[in-house]
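J.: Structure in structure tokens, see below.
The values are calculated or read from the model by the stated rules, or taken from the named source; none is laboratory data. Everything numeric here is computed off the predicted structure, so don't read it as measured data. Using ideal geometry, Cβ is built from the backbone for each residue, glycine included, and neighbour counts are taken over all protein chains shown. Calculation scope for accessible area: heavy atoms of the full protein, side chains included, ligands and nucleic acids excluded. Shrake-Rupley method; radii C 1.70, N 1.55, O 1.52, S 1.80 Å.
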Amino acid sequence: MGRELLKGREVILHDMTLRDGMHAKREQISLEQMIKVATALDGAGVPLIQVTHGAGLGGNSLQHGFAMHTNEEYLQAVAPLMKQALISVLLIPGMGTMVDLQSAFECGARSVHVATHCTEADTSPQHIDYARKLGMDTSGFLMMAHLVPVDVLVEQAKMMESYGAETIYITDSAGYMLPDDVKEQVRALRDSLKPETEVGFHGHHNLGMGIANSIVAIKEGASRIDASLAGLGAGAGNTPLEVLVAVCERMSIQSGCELFALMDAAEELVVPMMDHQVRVDRSSLTIGFVGVYSSFLLHAKRVSEEHGVPARDILVELGRLKMIGGQEDMIEDTALTMLKRNNNSERSHGKSSSRVDKTNARSRAPSSLV
């Protein structure tokens, strides 16, 4: 891994527990839980903490689920309590608006991930420009980065940079990428972007690669890494923050975070919040293996329970169809199509078997009965 090359390297860690973790909690995180986790992260020296609905600003909806509180209520509860951390938000153009961004800023947010699919950077110029005008720390966030060749990713990154993004994120939304994939993408962005433009990496743990991929990203020049306490997040979770900090310390990478304080917060605050154990299980592993958006996990499980189609089969089909974030409403349609197809196949097979049985019966019957 070239530990000597990493010795003394500085990295900015950006916590996702209270935003990506919303996916794993079906958006049900209370104000009290938000405050406890955020103040613990702030006290442990984490410099950036993201706080919104799982789908970001404008995310409260029938399609994405309704949180217990509005984004404004979460931000107003948390931001004034921070002693050193900046509060960030996620904004997906078409879901969140510049009005939402203005409101978030007024509630205390000072950083934003402007997130688009990896081929749709051209939907973000107004939002990135407006965030910069507000004086916010502004990142371009290219989701599902594994779906495009590296030259296309570089082209999209340059577009976001030209709009004013100060950091460009490679986002492994499916937890699909392997270390060599991360190496290629981060190196390409680092070589192609302006020296002052930072590169970030956001990983999911569906193939168990969150830590390894993050370290490779740092080695190749990424200076910002997203992670979450106890890995709380979509799919098998995000890169687990406390584990990443421990590995960074072992490798003499400087994060500025207090390891034991993060370990305590993960164990005492976040794990008890989990409605289910966030881990690499059959369904989340499928997500990583076929490259499906991590937040599809609970949607697929719900649809599976309602219609009797195995969640793994649904996820494999979503991967085949190359469904992306924002198409959550298509998950049930996909399952129903699969169910109809299976039923038609069974009926067809049954009729075919019946005809074969009758033919065989006639061939076996005495000639007087034929």
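J.: In percent, how large is the relative contact order of the stretch 171-294, given Cα pairs closer than 8 Å and 6 or more residues apart?
T.: Values: 211 pairs, mean separation 38.4, N = 124.
RCO, the stretch 171-294: 31 percent.
J.: Take the Cα atoms of the stretch 244-304, find their three principal axes, and give me the spread along each one in whole Å, biggest first.
T.: That works out to 43, 26, 15 Å along the principal axes.
J.: In degrees between 0 and 90, to the nearest 10, how far off the longest principal axis of the chain does helix 296-307 point, with axes built from Cα atoms?
T.: Orientation of helix 296-307: about 30 degrees from the principal axis.
J.: Given a cut-off of under 8 Å on Cα pairs at least six residues apart, what relative contact order in percent is computed for the chain? If you can, show how the numbers build up before the last one.
T.: Values: 751 pairs, mean separation 61.2, N = 370.
Once divided by the residue count of the chain, the mean separation gives 17 percent.
J.: Sorting check: for 79-88, 33-42, which peptide has the highest mean count of neighbouring beta carbons within 10 Å, and how do the rest follow? Please report the intermediate quantities before stating the final value.
T.: Details: 79-88: 17.0, 33-42: 20.9.
Most protected by this proxy first, the peptides run 33-42, 79-88.
J.: Next question. Determine ³J(HN,Hα), in whole Hz, for all residues of the stretch 286-295 in sequence, where each value follows from phi through the Karplus function 6.51 cos²θ - 1.76 cosθ + 1.60 and θ = phi - 60°; x replaces Gly and Pro.
T.: Once rounded to whole Hz, the list reads 4, 4, x, 6, 9, x, 9, 3, 4, 6.
J.: Taking the Cα centre of the stretch 18-164 as origin and charging only Cβ (+1 Lys, Arg; -1 Asp, Glu), how large is the dipole, in debye to the nearest 20?
T.: Values: 9 positive and 15 negative charges, 71 e Å.
For this selection, approximately 340 debye.
J.: Taking only DSSP H segments of four or more residues, each worth -39500 (n - 2.57), what value at 222 nm results for the chain once the sum is divided by all its residues, to the nearest 500 deg cm²/dmol?
T.: On the way: 15 runs with 168 residues, N = 370.
That comes out to -14000 deg cm²/dmol.
J.: Amide H of Ile168 versus every other amide H placed in the peptide plane: which residues, excluding those fewer than 5 positions away on the same chain, fall under 5 Å?
T.: Under 5 Å from the amide H of Ile168: Gly140, Glu198, Val199, Gly200.
J.: Taking the Cα atoms of the stretch 1-103 alone, what are Rg (to one decimal) and Dmax (as a whole number) in Å?
T.: For the stretch 1-103, the Cα radius of gyration and maximum Cα-Cα distance read 15.2, 50 Å.
J.: Treating the beta-carbon of each Lys and Arg as +1 and of each Asp and Glu as -1, no other charges, what is the dipole magnitude of the chain about its Cα centre, to the nearest 20 debye?
T.: Working: 34 positive and 46 negative charges, 347 e Å.
Taking the Cα centre of the chain as origin, the dipole is about 1660 debye.
J.: On average, how much accessible surface per residue is there in the stretch 1-88, in Å², for a 1.4 Å probe, leaving out ligands, DNA and RNA?
T.: Using a 1.4 Å probe on heavy atoms only, each residue of the stretch 1-88 averages 40 Å².
J.: Sorted by average packing, counted as other Cβ atoms within 10 angstrom per residue and highest first, what order do 22-28, 326-332, 305-311 take? Display every interim value, and only then the final one.
T.: On the way: 22-28: 22.1, 326-332: 16.7, 305-311: 14.6.
Order by mean packing, descending: 22-28, 326-332, 305-311.
J.: Given a 1.4 Å probe and the protein chains all in place, what does the accessible area of Cys248 round to, in Å² to the nearest 10?
T.: 0
J.: Considering only protein heavy atoms and a 1.4 Å probe, what is the carbon-and-sulfur percentage of the accessible area of the chain? Present the calculation step by step, with values, prior to reporting the outcome.
T.: Working: 8260 of 16070 Å².
Answer for the chain is 51 percent, counting heavy atoms of protein chains only.
J.: Residues of the stretch 166-208: accessible area per residue at 1.4 Å, in Å²? The partial results should precede the final answer.
T.: On the way: 1600 Å² over 43 residues.
Accessible surface, normalised per residue, equals 37 Å².
J.: Where q = 0.09, 0.16, 0.20 Å⁻¹, what log10 of I(q)/I(0) comes from the Debye formula for the stretch 140-263, counting one point per Cα?
T.: Cα-only, vacuum Debye calculation for the stretch 140-263: -0.23, -0.71, -1.07.
J.: Report Rg/Rh for the chain, rounded to two decimals, where Rg is the Cα radius of gyration and Rh the Kirkwood radius. Please report the intermediate quantities before stating the final value.
T.: Working: Rg = 23.4 Å, Rh = 21.4 Å.
Checking Rg against Rh, the ratio lands at 1.10.
J.: Now for a separate question. Based on the Kirkwood radius over alpha-carbon pairs, what value in µm²/s does the Stokes-Einstein equation return for the translational diffusion coefficient of the stretch 259-339 at 37 °C and 0.692 mPa s? The partial results should precede the final answer.
T.: Working: Rh = 13.8 Å.
Rounded, D is 238 µm²/s.
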